[in-house]
Amino acid sequence: MKREIWKGSEAIAEAAIRAGCRGFFGYPITPQNEIPEYMSVRMPAAGGVFVQAESELAAINMVYGAAACGVRAMTSSSSPGVSLKQEGISYMAGAELPGVIVNVMRGGPGLGSIQPAQGDYYQATRGGGNGDYRTVVLAPASLQEAADLMFEAFDIADQYRNPVVVLVDGLIAQMMEPIVWKEHPGRPLPEKTWAADGRRGRAHNNFVTSLFMDAPDCEAHNLALLEKYKAIEANECRWEELMLDDAELVLVAYGTPSRVAQTAVEHLRSQNIKAGVFRPITLWPFPYARLREIAAQPQVKRFMAVEMSTGQMVDDVNLAVAGQKPVAFYGRCGGVIPHVSEIEGAVLAAWKEGL
Amino acid sequence: MTTIYRKSKGLQDVPMHYCPGCSHGIVHKLIAEVMEEMDLIQQAIAICPVGCSVFAGSYFACDAIEAAHGRAPAVATAVKRTHPNQPVFTYQGDGDLASIGAAEIVHAAMRGEHFTTIFINNAIYGMTGGQMAPTTLLGQRATTAPGGRTKEQAGCPMRVAELLSTLEGLVYAERVCVVDIPHLNQAKRAIRKAFEKQMAGEGFTFVEVLAACPTNWGMDPIGANRWLMEHMAEYYPLGVVKEV
């Protein structure tokens with residue numbers, strides 16, 4: 001198949017359209033403006049709807065509306081804008097509406113910086129808005145994977161009737177890489193019999209809502225959501241293992257830092273340090289069980305989480321490792337990307353200290 | 001035996017929760033009758049607000065979507081654009097539309113979205129218990145303005161139909177009320193005209209209904225209707241505000 005050079009943002013947008021997305025609603029914010037710009041041309045050509053909304057709030061509520069009447073829909077934004085979208089994401093989770101939210105993360109908090117960062121991990125993996133809910137979080141580390149995961153994002157959203165977040169740092173959206181456009185057969189998906197798209201002969205009206213006036217009803221709804229989340233945890237966990245077979249030191253990283261960590265591991269191996277990379281692809285559900293198995297292996301001595309934040313995913317690494325082995329952390333933040341030599345240095349320091 | 005009156009098929013056969021003297025039930029009925037007369041029940045999609053009418057989707061017989069507070073026009077934008085041949089309307093109160101949802105309604109009107117908004121202006125927050133709204137009259141008491149709203153503290157009330165009528169995308173705005181049969185009939189004509197213009201693809205249509213809230217106004221239903229005509233209709237004049 002033909003390899004094509006694509007820019008990250010545009011590849012994500014194109015993949016969404018190829019995955020059947022027919023509603024895009026967005027608002028300008030750096031570093032993801034190429035997504036709405038691309039969609040403004042390509043979406044109408046594909047027979048879909050593009051609206052530049054008045055705000056991030058309006059944009060996510062447009063996604064809510066399109067999803068509520070059965071249309072595959074998405075929005076994209078960057079960190080401060082995604083904070084504004086949390087209201088709508090919570091309502092989507094509550095009303096059990098599918099939809100895809102792309103967050104091209106930049107430095108924070110507040111306006112922060114416009115360079116790549118990973119400071120929104122907690123927000124993405126712990127719901128982010130009000131109430132007991134989870135969003136599926138997919139974290140590609142290359143443009144090929146980003147394009148492939150957009151298809152999965154819409155399928156997962158439709159299968160479980162739940163919002164899916166595609167979480168990338170600004171580097172993934174801004175860089176260019178070759179992509180092969182693959183066939184995606186998809187998975188069997190349920191009919192959207194719940195959609196409020198006009199009765200057209202249906203015996204009853206469909207009312208899409210997240211409101212339950214009686215507490216026991218709301219509790220039952222929350223427990224039903226919990227069952228769904230358990231099914232997602234059982235079925236949708238993804239990760240990649242690089243050079244872990246004999247690894248004594250396991251670097252855990254997602255997105256851009258996982259690529260830097262991989263290069264660092266190659267350098268370390270040339271110095272006879274047996275390191276490897278564990279890369280979560282789904283950040284929620286986090287691959288706790290597999291990481292716990294790895295921690296139990298006798299040759300594994302130590303873990304180190306590498307992030308472009310002050311340390312967020314490292315909490316999940318600790319939950320997974322559960323005290324079996326020490327867990328160290330190395331991070332750069334605020335839009336600074338860690339250099340290979342820095343990760344190498346951090347690993348060597350930990351190596352000397354702990355082993 | 002001849003049937004001279006029956007409940008509209010545009011409503012489900014369920015009891016409503018509205019207070020005695022509240023205008024919501026009457027406006028629901030008028031929308032339902034218009035949908036039935038225009039044969040729209042099977043196609044229509046209602047976007048419901050947060051506030052007293054949060055359950056409207058359990059009353060209308062058409063499909064419905066519950067929006068977050070103030071966001072109904074954003075939801076309706078996506079619904080209408082993805083289903084351009086189906087009637088779509090938002091039903092919103094004054095806290096929902098004129099306060100927390102001010103941006104959404106202004107921009108939907110600016111874009112000339114092809115849906116209809118039914119705006120219930122009762123000059124108060126109803127469901128939360130009588131707090132001041134952007135539409136609360138000067139001097140009117142509210143639980144967050146217990147001495148009455150003052151211009152110095154909260155500014156002057158917002159005339160939403162006039163505000164939106166400055167936007168080119170809005171093709172029809174009329175202010176009505178439902179205090180008696182003649183006014184009720186005029187309100188129904190306005191709702192029908194709004195739906196007709198929507199279905200003709202003319203642009204954004206807006207019907208503001210001055211509504212009574214006896215519970216939070218601290219009045220009986222008849223007194224509330226009298227107060228509405230004496231005070232609200234003075235500040236918010238009834239009639240067509242804009243028609244293109």
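The values are calculated or read from the model by the stated rules, or taken from the named source; none is laboratory data. Note that the structure is predicted; figures quoted are calculated from it, not measured. Cβ atoms come from the backbone with ideal geometry, glycine included; neighbour counts cover every protein chain shown. Heads up: the accessible areas ignore ligands, DNA and RNA and are worked out on the full protein's heavy atoms, side chains in. Shrake-Rupley method; radii C 1.70, N 1.55, O 1.52, S 1.80 Å.
Here are a few things to note about the model shown:
- A:ILE89 open to solvent by less than 10 Å² (accessible area, probe 1.4 Å) and assigned by TED's automatic domain parsing to the domain that holds A:ALA157: yes
- Selection count where residues are under 17 Å from B:ARG159 (Cβ atoms) and free of Cβ contacts under 8 Å to residues at least 24 places away in the same chain, scope the range B:221-238: 1
- Unmet criterion (only one of (1) assigned to a loop (DSSP other than H, G, I, E, B); (2) in contact with an Asp or Glu (Cβ under 6 Å, 6 or more places away or on another chain)) for B:PRO157: (2)
- Checking the stated criteria, B:GLY101 turns out to be of a type outside the set (Lys, Arg), touching a Pro at 6+ places or on another chain (Cβ under 8 Å) and either closer than 21 Å to B:ALA133 by Cβ or facing chain A (nearest Cβ under 9 Å) (or both).
- Filtered residues of the range B:1-25 (kept if more than 24 Å from B:GLY130 (Cα to Cα) and surrounded by fewer than 17 Cβ atoms within 10 Å (Cβ to Cβ)): B:MET1, B:THR2, B:THR3, B:ILE4, B:TYR5, B:ARG6, B:LYS7, B:LYS9, B:ASP13, B:VAL14
- Filtering the range A:185-204 for residues that are among the hydroxyl-bearing types (Ser, Thr, Tyr) and within 27 Å of the chain's Cα centre (by Cα) leaves an empty set.
- The number of residues in the range B:108-134 that are out of contact with any Cys (no Cβ under 7 Å at 6 or more places or on another chain), under 16 Å from B:ALA224 (Cα atoms) and open to solvent by less than 10 Å² (accessible area, probe 1.4 Å) comes to 4.
- Matching residues in the range B:210-224 - criterion: being of a type outside the set (D, E, K, R) and either surrounded by fewer than 24 Cβ atoms within 10 Å (Cβ to Cβ) or assigned to a helix (DSSP H, G or I) (or both): B:PRO214, B:THR215, B:ASN216, B:TRP217, B:GLY218, B:MET219, B:PRO221, B:ILE222, B:GLY223, B:ALA224
- Checklist (1) part of a loop (DSSP other than H, G, I, E, B); (2) touching a Pro at 6+ places or on another chain (Cβ under 6 Å) applied to A:GLU233, failing item: (1)
- Among the candidates A:ALA95, A:ALA157, the residue that is at pLDDT 95 or above and either buried (at least 24 other Cβ atoms within 10 Å of the Cβ) or touching a Gly at 6+ places or on another chain (Cβ under 9 Å) (or both) is uniquely A:ALA157.
- Within the range B:55-68, being facing another protein chain (nearest Cβ under 9 Å) and open to solvent by 10 Å² or more (accessible area, probe 1.4 Å) holds for B:PHE55, B:SER58.
- Here the condition is being at pLDDT 95 or above, assigned by TED's automatic domain parsing to the domain that holds A:ALA328 and surrounded by fewer than 19 Cβ atoms within 10 Å (Cβ to Cβ); of A:GLN297, A:GLN271, it holds for A:GLN297 alone.
- Tally, over the range A:194-239, of residues that are open to solvent by 80 Å² or more (accessible area, probe 1.4 Å) and within 12 Å of another protein chain (Cβ to nearest Cβ): 4
- Within the option set B:LEU170, B:LEU138, being hydrophobic (A, V, I, L, M, F, W, C) and in contact (Cβ under 8 Å) with a residue 24 or more places away in the chain holds for one residue only, B:LEU170.
- Among the residues of the range B:69-92, the ones that are buried (at least 24 other Cβ atoms within 10 Å of the Cβ), at the interface with another protein chain (Cβ under 7 Å from one of its Cβ atoms) and over 15 Å from A:ALA73 (Cβ atoms) come to 0 in all.
- Exactly one residue out of B:LYS197, B:LYS242, B:LYS193 is over 14 Å from the mean Cα position of the chain (by Cα) and either in a strand (DSSP E or B) or at pLDDT below 95 (or both), and it is B:LYS242.
- Inter-residue pairs, beta-carbon under 6 Å, first of a type in the set (Val, Ile, Thr) and in the range A:34-59, second open to solvent by 10 Å² or more (accessible area, probe 1.4 Å), 6+ apart: A:VAL49/B:ARG81; A:VAL49/B:THR82
- Single residue of the range A:20-47 satisfying the filter (of a type outside the set (Phe, Trp, Tyr) and at the interface with another protein chain (Cβ under 8 Å from one of its Cβ atoms)) that is least open to solvent (accessible area, probe 1.4 Å): A:GLY23
- The set of residues in the range A:61-83 that are at the interface with another protein chain (Cβ under 8 Å from one of its Cβ atoms) and in a helix (DSSP H, G or I) comprises A:ASN61, A:MET62, A:VAL63, A:TYR64, A:GLY65, A:ALA66, A:ALA68.
- Yes/no for A:LEU167 being touching a strand residue (DSSP E or B) at 6+ places or on another chain (Cβ under 7 Å), under 30 Å from B:ALA68 (Cα atoms), hydrophobic (A, V, I, L, M, F, W, C) and within 14 Å of another protein chain (Cβ to nearest Cβ): no
- Residue tally, condition free of Cβ contacts under 8 Å to residues at least 24 places away in the same chain and either crowded, with 19+ Cβ neighbours inside 10 Å or farther than 21 Å from B:GLU66 by Cα (or both), over the range B:26-50: 2
- Scanning the range A:335-349 for residues that are within 14 Å of A:THR263 (Cβ to Cβ), crowded, with 16+ Cβ neighbours inside 10 Å and either of a type in the set (Ser, Thr, Tyr) or within 26 Å of the chain's Cα centre (by Cα) (or both) gives A:ILE337, A:PRO338, A:VAL340, A:GLU342, A:ILE343.
- Checking B:VAL171 against (1) within 16 Å of B:GLN92 (Cα to Cα); (2) in contact with a helix residue (DSSP H, G or I) (Cβ under 7 Å, 6 or more places away or on another chain); (3) not basic (Lys, Arg), the condition it does not meet: (1)
- Qualifying residue in the range A:245-265 (condition: open to solvent by 40 Å² or more (accessible area, probe 1.4 Å), of a type in the set (S, T, N, Q) and more than 21 Å from A:MET308 (Cβ to Cβ)): no
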